[in-house]
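Here the structure is laid out as structure tokens; the discussion comes afterwards.
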Amino acid sequence: MRTKLTILGLIALALLSYGLYQALVAAPTEQTMGDVQRIFYYHVPSAWTAFLLFFCNFIASAIYLLNRSQRSDAFALATAEVGVVFCTVVLVTGPIWAKPVWGIWWTWDARLTTTLILWLIYVSYLMLRRYSSGGQTPVLAAALAIFGFIDVPIVYFSIRYFRTQHPQPVIAGAEGSGIDPLMMKALMINWLAFIVFGAIVVWLRYKLERARQQVEEAHALREEQSLEQPRVDKPAVDARAS
């Protein structure tokens, strides 16, 4: 397993390095925004990766509610943690772009507000998992994750159905708009790099959570066995015996 992770790590490193070259060197400079637009090669793939991880969390949480699978619960936690990291990157890189382009760090438009709400929901999910010790915690967390995922399509479609300052999507080439092929290449290379890197971190976090679950199960089984063992009273010692 270590060999596979090492190979995946090297692939991720190569993709991240190549993506950095594509974003900073190979991709042409955007005519309107200039070099600040290059942050989109990290901002957008981070958002897509976060959405993908939250979708995986949604599926794993639904499976857990159906069959109480510890593996599904561990996978849900791992994908939520890594998804929050990528969503944090989105919220950090967005204002860095917005300040020179809009003149402000933040505005409460539909896309930014719903993204912040999404981040808060999954941070709440992690806090629930971390600080609640009740037996129903995984069930409550799974229900919260399923509810939270509803915000993902709201974030995605917010710029289509609400008036917002956020740039409109040009990837799909809607109504004749499009994106330079070199820009598209830089975008997709970085997204692939983020997916591979995110998969590695999710797998490592999943294995760690599974180990924690197994330790807790072993401790619980040991305590149960100790309670079931019959109590053996020691024979009384006759103090008058010579």
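Just a few scattered comments:
- Derived value for the stretch 36-224: Kirkwood hydrodynamic radius 18.0 Å. Basis is the mean of 1/r over every pair of different alpha-carbon atoms.
- Taking the C-alpha atoms only, the angle from helix 137-149 to the longest principal axis of the chain is near 10 degrees.
- Estimated dipole of the stretch 36-224 in Debye, rounded to 20 [Cβ of Lys and Arg +1, of Asp and Glu -1, Cα centre]: 240 debye
- Taken one residue at a time, the phi angles of the stretch 217-226 give Karplus couplings (6.51, -1.76, 1.60, θ = phi - 60°) of 5, 5, 5, 5, 5, 5, 5, 5, 5, 5 Hz. Gly and Pro are set to x.
- For the stretch 45-123: span of alpha carbons on each principal axis (Å, largest first): 51, 18, 16
- Against the main long axis of the alpha-carbon atoms of the chain, helix 40-67 sits at an angle near 30°.
- Comparing PHE147, PHE194, PHE58 in a Gaussian network model of the chain, where Cα atoms under 10 Å apart are tied by springs, the biggest mean-square fluctuation is seen for PHE147.
- MRE, 222 nm, helices only [DSSP H, n ≥ 4, -39500 (n - 2.57), over the chain, to nearest 500]: -25500 deg cm²/dmol
- Listed residues VAL101, GLY135, LEU10: farthest to the positive end of the dipole of the chain (Cβ charges): LEU10
- Working from Cα pairs under 8 Å separated by at least six residues, relative contact order for the stretch 36-224 is 30 percent.
- Summary of packing: across the peptides 187-193, 8-14, 155-161, the per-residue average of other C-beta atoms within 10 Å ranks them, highest first, as 187-193, 155-161, 8-14.
- Seen from GLN37, the other residues with C-beta closer than 14 Å to its C-beta sum to a net charge of -1, counting Lys and Arg as +1 and Asp and Glu as -1.
- Candidates ALA220, ALA27, ALA143, ranked by Gaussian network fluctuation over the chain, Cα under 10 Å, top entry: ALA220
No lab work stands behind these numbers, since they all come straight from the coordinates. The model shown is predicted, which means the values in this text are computed figures rather than measured ones. Every residue, glycine as well, gets a Cβ built from its backbone with ideal geometry; the counts of neighbours run over all protein chains shown.
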